[in-house]
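The values are calculated or read from the model by the stated rules, or taken from the named source; none is laboratory data. Remember, predicted model here, so these are calculated numbers, not experimental data. Don't worry about glycine lacking a Cβ; one is built from the backbone with ideal geometry, like all the others, and counts go over all protein chains shown. The accessibility values were calculated without ligands, DNA or RNA, using every heavy atom of the protein model including side chains. Shrake-Rupley method; radii C 1.70, N 1.55, O 1.52, S 1.80 Å.
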Amino acid sequence: MERKILGIDPGTNIMGYGVISADGNKPKLETMGVIMLNKITDPYERLAAIHKRVTWLVEEFLPDECAIEAP
């Protein structure tokens, strides 16, 4: 049974993310990237940028699980 996992590495200046699909012991990278937040000075705009990207990731890849690294 295939499942998709969204991983998020939160950060105040750079937020990393990745989505993998796993079928048994065969993981496959679906996407990965970063959101550069260091040029956004307004904290509300930073949150909006994070919300926009995470919402897109969830809608695009429909993950079954999410893992978030502790900051």
Where Cα atoms sit under 22 Å apart: lysine pairs in the chain separated by 8 or more or lying on different chains = 4
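Which length gain, in nm to one decimal place, applies between residue 48 and residue 69 when the Cα-Cα distance is subtracted from 0.36 nm times their residue separation?
On the way: separation 21, 0.36 × 21 = 7.56 nm, distance 1.98 nm.
Extra length from residue 48 to residue 69 when fully extended: 5.6 nm.
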Contour minus Cα-Cα span, residue 12 to residue 31, at 0.36 nm per residue, comes to 4.7 nm
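Normalised by the number of residues in segment 1-43, what is the relative contact order in percent for Cα pairs under 8 Å and 6+ residues apart? Before the final figure, lay out each step's value.
On the way: 72 pairs, mean separation 15.0, N = 43.
After rounding, I find 35 percent.
How large is the dipole of the chain about the Cα centre if only Lys and Arg carry +1 and Asp and Glu carry -1, each at its Cβ, rounded to the nearest 20 debye?
Dipole magnitude for the chain comes out near 160 debye.
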Surface share of carbon and sulfur [accessible, 1.4 angstrom probe, percent] for the chain | 58
Residue-averaged 222 nm ellipticity for the chain, from DSSP H runs of 4+ at -39500 (n - 2.57), nearest 500 = -9000 deg cm²/dmol
Compute the acute angle (0 to 90°) between the alpha-carbon long axis of helix 43-61 and the principal axis of greatest extent of the alpha-carbon atoms of the chain; round to the nearest 10°.
-> 20
Of 43, 21, 1, which is farthest along the charge dipole of the chain in the positive direction, counting Lys and Arg as +1 and Asp and Glu as -1 at C-beta?
-> 43
